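Remarks on the structure that follows.
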Amino acid sequence: MTSTTSHRGPLQGIRVIDFSTVYAGPITAMLLGDYGADVLKVELPAGDPARTHGWSVKGPDGIQHGLWWKVIARNKEAMTLDVRTPEGREIILKLVADADVMTENFRPGVLEGWGLGPDELHAVNPRLVLLRTTGFGQDGPYARRRAFGSLAEAMTGFAHLTGQPDGPPTLPPSGLADGVAGITGAFAVLTALRARDHGDGLGAGRGQVIDLSLFEPLLGIMGPAPSAYDQLGVVPTRQGNRSRNSAPRNTYRTRDGQWVAVSSASTSVAERVMRLVGRPDLADEPWFSSARERVAHVDELDGAVQNWIEGRDLDAVVEAFEEVGAALFPVYDVAQLFADPQVQARDAVTTVDDEDLGPLRMQNVWFRLSGTPGGIRFAGRRLGQDTDAVLTERLGYTPEQVAALRKGGVV
């Protein structure tokens, strides 16, 4: 299936200026664009560093096109603009005057140094919602430190808790903190737009500034560790793929060398697992009905599950777990993900007709709305591809004026 939906989605009419770079802010803008917002990606003339991150493919034009860029910049027009010049500042203010949302992730004080702080932006457009995403937030002793998602993953304790008990702290293989912050940013933007349009606490029609850090959303989804430390003095440690909330929960290797993940968050599922693997005696123990007590007996439970799984091939293990209604799934690599019938049925990895690379597979929109579904209209654009069109069609510049701006290095 090729994703070329003609329905723009429920956010049609919302204008977004994506002036952020790399991941968190751009993910927010990507999500808004997926559901119909009109997103303009504004880059300094050198371009967003994310253009060169990760794998790339050389197109017929001889240019290397970053595959992560094709995803993260989808549904966004692309223009270059040096806002540090007087002419560039004038142009961005003209764009802001007609926008609903602007995203940025420069260190605190950078926009202000360019004469583009919240006061200047709201002077030309009081309705603007300004999302400011930084590593540590707009205030506090770390506010001006350089930061990326990996530092947030270290600071929050995520890396400390990830990995095997006898191994080192482990960072995720992708931008987890940026992704969590990006999703949070989209929620924050929509919350602020609702407040603007309904006058909740601000006065009708007033936009506001959103102060979003990379570390706080990730900290927020990591469970009750702060409360446990506060009340019990507990400092959690790494425990591999086990869970401190339920057991058995782990990855296990089958006889034919495949890996599966098992989760038993509910007592009924845990009981099915133990009866399946031939240990009904454990399921009948008085302590088994308590998830906390099952965790205390994790070695015994894990051993029983592993002994049973390692004596069977993957297909037999999956079939047996399905028959008894227990929760198990193979650990996929990306090739297996592509071949999965559920992924195919949901079009979770869809095909986009890209002007540079032709048919291009990528992740589809993240949730399904029955009436206003949104979709991927196009993949990430080339650097400055829409600059001329934005200046002439949206702002009324003449081709001669655009040529002069380009000669002066403004665009």
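The values are calculated or read from the model by the stated rules, or taken from the named source; none is laboratory data. In this text, all values refer to a predicted model and were calculated from it rather than measured experimentally. Here Cβ is always computed from backbone atoms with ideal geometry, including for glycine, and neighbour counts include all displayed protein chains. Areas reflect the complete protein model, heavy atoms only, side chains present, ligands, DNA and RNA absent. Shrake-Rupley method; radii C 1.70, N 1.55, O 1.52, S 1.80 Å.
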Would you check if there is a residue in the stretch 57-66 being assigned to a loop (DSSP other than H, G, I, E, B) and at pLDDT 95 or above? no
Please list, ordered by first then second residue, the pairs with beta carbon atoms under 8 Å, 6 or more apart or interchain, first in the stretch 148-163 and over 14 Å from residue 175 (Cα atoms), second open to solvent by 40 Å² or more (accessible area, probe 1.4 Å) and of a type in the set (Lys, Arg). 160/238; 161/238; 162/238; 163/238
All conditions in (1) open to solvent by less than 10 Å² (accessible area, probe 1.4 Å); (2) under 21 Å from residue 13 (Cβ atoms); (3) of a type outside the set (Ser, Thr, Tyr); (4) part of a helix (DSSP H, G or I) are true of residue 111 except (2)
Go through the stretch 297-345 and tell me which helices (runs of 4 or more DSSP H), entirely inside it, have 2 or more residues that are modelled with pLDDT of 95 or more and buried (at least 16 other Cβ atoms within 10 Å of the Cβ). 298-309, 314-324
Considering the stretch 207-230, residues that are in a loop (DSSP other than H, G, I, E, B) and in contact with a helix residue (DSSP H, G or I) (Cβ under 6 Å, 6 or more places away or on another chain), and then whichever is farthest from residue 148 (Cα to Cα), we arrive at 207
Here is a check on your reading of the model: is residue 51 outside any loop (DSSP other than H, G, I, E, B), open to solvent by 30 Å² or more (accessible area, probe 1.4 Å), under 14 Å from residue 23 (Cβ atoms) and of a type in the set (Lys, Arg)? yes
Where a residue in the stretch 230-257 is over 16 Å from residue 299 (Cβ atoms) and touching a residue at least 60 places away in the same chain (Cβ under 8 Å) and its partner, wherever it lies, is surrounded by 18 or more Cβ atoms within 10 Å (Cβ to Cβ) and acidic (Asp, Glu), with Cβ under 6 Å and at least six apart: none
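Residue 88 - would you say it is out of contact with any Ser or Thr (no Cβ under 8 Å at 6 or more places or on another chain), buried (at least 16 other Cβ atoms within 10 Å of the Cβ) and either outside any strand (DSSP E or B) or touching a residue at least 12 places away in the same chain (Cβ under 8 Å) (or both)? First the steps, then the outcome.
On the way: out of contact with any Ser or Thr (no Cβ under 8 Å at 6 or more places or on another chain): yes; buried (at least 16 other Cβ atoms within 10 Å of the Cβ): yes; either outside any strand (DSSP E or B) or touching a residue at least 12 places away in the same chain (Cβ under 8 Å) (or both): yes.
For residue 88, the condition - out of contact with any Ser or Thr (no Cβ under 8 Å at 6 or more places or on another chain), buried (at least 16 other Cβ atoms within 10 Å of the Cβ) and either outside any strand (DSSP E or B) or touching a residue at least 12 places away in the same chain (Cβ under 8 Å) (or both) - is met.
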